């Protein structure tokens, strides 16, 4: 790699900047939607499993829509893919308005599916679009740079959800709401209307951002990267290219495990802090914000280091450190080392936070390696497979949940030194909670193996 090769050529700079805004947009939407699960459970007085349809519809859209998005950009090009993704998002966000008026949970679920569908189209389009905007030698660095703004959007999404959605939830409990439904339905109706209005505000408001990005791509001049060769697409040839490209199909497997560990680890971080530190859920959420900030900083550092270090080798180093952190979370004790602003930090909590930092470069690096060097004809379909790997979140999070919720799990034998007493509030034991972090260790080991297999070898 020539260190003087620009990450983004000047002629593509404006396109790259607008694509970066798309990365931030879907990061914001992903994390804002996570907060709808507890919000809807309270607003609509549903069970936890019913409220879970928020996540099912969101990740289900990714697994279904990504392949159609790849066929779209195969025929119409990246520019059209971005425009369609933005339009689908706006359509889904606007569906929140009639859902609010009708106070319909299932209409919201339909809107969430469409919003996620728009995000899936954007992710399937924007990732290979960024890879194409310049020299192949800087493609992984370029994608890592663009992906740096995804967690920035995620952080904004958490804060926006806290200020707009969670801050406007009425303190009335589900039992109190059930009583109001019998004795004062008009009062309950007013409470729900107010809460659902503030659910709509951020989603509908972001339509203006989507419109601005859309206007840019609609009125901008078509670049050489946007040109579409109008020739018959031979899907047999494309699939033959992919199945004979170990970097790609092993990359899809690695991506399933990476996305799974990211979602699973972040899902149970709050519970881990509650159990080990004895803090409330709201207090534990601060550690998640610190972990996400660490994720952002480490991705910036990793992107800079890739100018001098092969991305696969750097990912291997990060994966080793992440495995070490996983075992630290499992085995290190909760003896407070220091406190900052009322937040206590022990060795295991520090490992829990640092784990997020070490996973920071994995998604874009796996993506870039998997598509790097293969026939460009297969890039768009190949991109769909890597985005569909997001389904890993739906596969591995329940695995951790099963270990956590089973006091007699065989995995608990890994941590016999910790308490097996059942916590009736959190529905777990200290041993089962700690043992569950063997799942991240296994996932990071898969990423490490992928990085070792495809790290560049020194010549001679």
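Read-outs: derived from the displayed coordinates by stated rules, not from any lab. No experiment lies behind these values; they were computed from the predicted model shown. FYI the Cβ positions are ideal-geometry reconstructions off the backbone, even for glycines, and counts take in every protein chain you see.
Worth pointing out:
- If R0 is taken as 45 Å, the Cβ-Cβ distance between residue 456 and residue 197 corresponds to a FRET efficiency of 0.25.
- Counting every pair of alpha carbons in region 217-328, the share spaced more than 22 Å apart comes to 60 percent.
- Stokes-Einstein D for region 343-460, Kirkwood Rh over Cα pairs, 4 °C, 1.567 mPa s (µm²/s): 75 µm²/s
- Rg over Rh [alpha-carbon atoms, Kirkwood Rh] for region 237-460: 1.02
- Model label zone, residue 167; criterion: amide N under 18 Å from point 7 Å along Cα-to-beta-carbon; scope region 278-304: 282-283, 285-286, 289
- Annotation for region 77-133 versus region 315-336: alpha-carbon center distance of 36 Å.
- The value for the chain of Rg(Cα) / (2.2 N^0.38 Å) is 1.00.
- Applying 0.36 nm per residue to the separation of residue 37 and residue 21 and subtracting their alpha-carbon distance, the gain on full extension is 3.2 nm.
- Where labels lie 7 Å past Cα in the beta-carbon direction, separation of residue 347 and residue 333 in nm: 0.9 nm
- Rh by Kirkwood over Cα pairs, then Stokes-Einstein D for region 1-99 at 1.306 mPa s and 10 °C, µm²/s: 97 µm²/s
- Taking every C-alpha pair closer than 8 Å and separated by at least 6 residues, the mean separation divided by the residue count of region 237-460 gives a relative contact order of 35 percent.
- Multiplying each eigenvalue of the alpha-carbon gyration tensor of region 64-166 by 5 and taking the square root yields semi-axes of 29, 19, 8 Å, largest first, rounded to whole angstroms.
- Sorting 370-377, 355-362, 213-220, 179-186 by average packing, meaning the other beta carbons within 10 Å per residue, from highest down gives 355-362, 370-377, 213-220, 179-186.
- Chain lengthening between residue 212 and residue 422 when straightened (0.36 nm per residue, less Cα-Cα): 70.4 nm
- Full extension of the chain between residue 50 and residue 377 gives 113.5 nm of extra length, using 0.36 nm per residue less the Cα-Cα distance.
- The shape of region 1-225 can be summarised by an equivalent ellipsoid whose semi-axes, obtained from the alpha carbon gyration tensor, come to 39, 16, 14 Å from longest to shortest.
- Sorting the segments 276-285, 193-202 by their mean number of nearby beta carbons within 10 angstrom, highest to lowest, gives 193-202, 276-285.
- Two-site FRET efficiency, residue 64 against residue 136, from Cβ-Cβ distance with R₀ of 30 Å, rounded to 0.05: 0.45
- Distance in nm between pseudo-label sites at residue 442 and residue 14 (7 Å out along the Cβ direction from Cα): 5.1 nm
- Förster radius 41 Å - calculated FRET efficiency between residue 204 and residue 237 (Cβ-Cβ, nearest 0.05): 0.40
- Inter-site label distance for residue 313 and residue 178 at 7 Å from Cα along Cβ, in nm: 6.2 nm
- Note on region 115-205: Cα convex hull, mean projected area over all directions, 7.8 nm².
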